[in-house]
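Below: the structure, in structure tokens.
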Amino acid sequence: MRVSFAGFFGANGIHMPRAGAWQFKDAYRTIFEQTSSEDLPELARLELPSIITHWLHDINSSPLLLGEAAGNRWRNILQKAAGRKDFRVSFTDYPFYSAKNSFRFIDLFAGIGGFRIALQAFGGKCVFSSEWDIKAKETYLQNYAEIPFGDISLFSGKNVSDDFIKKNIPDHDVLTAGFPCQPFSLAGVSARNSLGKKHGFCCKVQGTLFFDIARIASIKRPKVIFMENVKNLISHENGKTFETIQDVIKNHLGYSFHWKEIDSCTLVPQRRKRIYMICIRDPKINFSFPSFNGIARPLSSILEPNPDSKYTLSTKMWKGHQKRTRRNLQRGTGFTANIADITKPANTIVARYYKDGKECLIPTASGLPRMLTIKEAARLQGYHGRFKPHTSRSSAYKQFGNSVSVPVVKKLAYRISMILDQIS
């Protein structure tokens, strides 16, 4: 069954283009409604909304998974409806659409697009995005006029051919990925097979999401692989996970491997330590991380002056928090909730924040603490101004809790953009 995302494109009739300019949502609906799913291959049928939105960013290209004939047919549909051959697509309602094209990148495990905002700031053009979570896809669409493809393993898994990847993952200079941390099992794999096969890393990391990154990089050979993960990646499985990642990147793909643990607190008022990995196709290129030293930013710097009372905890909930905190402190484990010191950075905000807000409770004059507002949660990760969070509070909190800190990624993206032309 295909998902149309129809609710995000409006229920009213399609508006014909004026002066040859299609509104993005009208162009999408026109193509979607005139494309028969029965005529499509299974994966294309599943991913049709993503195929169309990606294609609308470059209407002179061939749609992914479908090819040149589909592109010609879709252009004819839009030309006929517009009554003219020369038309364009307008993205005025999408705050982070960008037509810049100084270099190309793909956005894997895209979330709500933190990597995308950062790389677009320095002229990058996103040519492929992937994210499995439907709510994150909805947020991504509202901001970038693009629906990410779903399960990346359908494009890069063990049963997918090299030729399929070459054809359906666009060429790119930078591969970005904030991938989940998973154990790598070596059970049943001989050292000879692991090291001797052309793609020996497959034996080491198959079945993990890092495998998809490595598989795509081995075939598309981007200039830079830019990854982010939780700080526990270093100690995960007694260090074996991180050791395997480095081995695959350096010894099987032939890239240099640079990494650093970075705390975001000098750029946003949150103590958020993450591992950033930057891998370069030409190992001779010198690369160094920029400094993140400086004064930690206070939580007070992003707080709203008059937040809605709906964010304030009820007396019952706050008493429950206090009771569980006292009990768990006595036994040395479990739930704890404390009111934040707003003169210092917040604790790390995580995906579960929507449940009870215990990671960061803001003091109020009433004596009952409150949760961060959605706008404050966005600011805490460096999403400011124009960004459109999900309309569901719980989804918005989850997405900001899972996101990269945009200013950190932006600072690293600038350093990457400065070396791309040097990489052979």
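The values are calculated or read from the model by the stated rules, or taken from the named source; none is laboratory data. As the structure is a computational prediction, the values presented were derived from the model and not from experiment. Heads up, the Cβs are rebuilt from the backbone with ideal geometry, glycines too, and the neighbour counts pull from every protein chain shown.
Given the structure, is Thr35 of a type outside the set (Gly, Ala, Ser), more than 28 Å from the chain's Cα centre (by Cα) and within 21 Å of His15 (Cα to Cα)? Step through it out loud before you land on a result.
On the way: of a type outside the set (Gly, Ala, Ser): yes; more than 28 Å from the chain's Cα centre (by Cα): yes; within 21 Å of His15 (Cα to Cα): yes.
Considered against the rule, which asks whether it is of a type outside the set (Gly, Ala, Ser), more than 28 Å from the chain's Cα centre (by Cα) and within 21 Å of His15 (Cα to Cα), Thr35 comes out as yes.
Out of all the residues in the range 93-102, is one or more within 20 Å of Ala396 (Cα to Cα), modelled with pLDDT of 95 or more and touching a Pro at 6+ places or on another chain (Cβ under 9 Å)?
Within the range 93-102 (the criterion being within 20 Å of Ala396 (Cα to Cα), modelled with pLDDT of 95 or more and touching a Pro at 6+ places or on another chain (Cβ under 9 Å)), the answer is no, since none of the residues qualifies.
Which one is nearest to the chain's Cα centre (by Cα) among residues in the range 58-111 that are over 26 Å from Lys166 (Cβ atoms) and β-branched (Val, Ile, Thr)?
Thr92
Going by the conditions given, is Lys158 modelled with pLDDT under 95 and in contact with a helix residue (DSSP H, G or I) (Cβ under 8 Å, 6 or more places away or on another chain)?
Working: modelled with pLDDT under 95: yes; in contact with a helix residue (DSSP H, G or I) (Cβ under 8 Å, 6 or more places away or on another chain): yes.
Judged against the criteria, Lys158 is a match.
Going residue by residue through the range 220-240, is there one that turns out to be of a type in the set (Val, Ile, Thr), assigned to a helix (DSSP H, G or I) and modelled with pLDDT of 55 or more?
No; the residues of the range 220-240 include none that is of a type in the set (Val, Ile, Thr), assigned to a helix (DSSP H, G or I) and modelled with pLDDT of 55 or more.
Looking only at the range 98-143, how many residues end up being on the phi < 0 side of the Ramachandran plot, surrounded by 18 or more Cβ atoms within 10 Å (Cβ to Cβ) and assigned to a loop (DSSP other than H, G, I, E, B)?
Here the count works out to 5.
Give the range 360-411 a look and list any residue that's aliphatic (A, V, I, L, M), in a helix (DSSP H, G or I), surrounded by fewer than 24 Cβ atoms within 10 Å (Cβ to Cβ) and in contact with an Asp or Glu (Cβ under 9 Å, 6 or more places away or on another chain), or say none. Talk me through it step by step, then tell me what you get.
Kept after step one, since they are aliphatic (A, V, I, L, M), are these residues of the range 360-411: 361-362, 365, 368, 371-372, 374, 377-378, 380, 396, 404, 406, 408-409.
Imposing the further condition that a residue be in a helix (DSSP H, G or I) reduces the set to 374, 377-378, 380, 396, 406, 408-409.
Keeping just the survivors that are surrounded by fewer than 24 Cβ atoms within 10 Å (Cβ to Cβ) gives 374, 378, 396.
Those that are aliphatic (A, V, I, L, M), in a helix (DSSP H, G or I), surrounded by fewer than 24 Cβ atoms within 10 Å (Cβ to Cβ) and in contact with an Asp or Glu (Cβ under 9 Å, 6 or more places away or on another chain): none in the range 360-411.
When you check Pro17 against the structure, is it surrounded by 13 or more Cβ atoms within 10 Å (Cβ to Cβ), modelled with pLDDT under 95 and outside the structural domain of Val127 (by TED's automatic domain parsing), yes or no?
Details: surrounded by 13 or more Cβ atoms within 10 Å (Cβ to Cβ): yes; modelled with pLDDT under 95: yes; outside the structural domain of Val127 (by TED's automatic domain parsing): yes.
Judged against the criteria, Pro17 is a match.
One residue is enough: does the range 340-349 have a residue meeting the conditions β-branched (Val, Ile, Thr), buried (at least 16 other Cβ atoms within 10 Å of the Cβ) and more than 30 Å from Gln246 (Cα to Cα)? Write out each step before concluding.
First pass over the range 340-349, keeping only residues β-branched (Val, Ile, Thr): 342-343, 348-349.
Then drop every residue that is not buried (at least 16 other Cβ atoms within 10 Å of the Cβ), which leaves 342, 348-349.
Narrowing the set further to residues that are more than 30 Å from Gln246 (Cα to Cα) leaves 342.
Looking through the range 340-349, at least one residue is β-branched (Val, Ile, Thr), buried (at least 16 other Cβ atoms within 10 Å of the Cβ) and more than 30 Å from Gln246 (Cα to Cα).
Report whether or not Glu42 is of a type in the set (Asp, Glu), closer than 20 Å to Ser130 by Cβ and at pLDDT 75 or above.
Values: of a type in the set (Asp, Glu): yes; closer than 20 Å to Ser130 by Cβ: yes; at pLDDT 75 or above: yes.
Yes, satisfied.
Is there a residue in the range 300-307 that is aliphatic (A, V, I, L, M), farther than 15 Å from Arg379 by Cβ and not in a loop (DSSP other than H, G, I, E, B)?
No, the range 300-307 contains no residue that is aliphatic (A, V, I, L, M), farther than 15 Å from Arg379 by Cβ and not in a loop (DSSP other than H, G, I, E, B).
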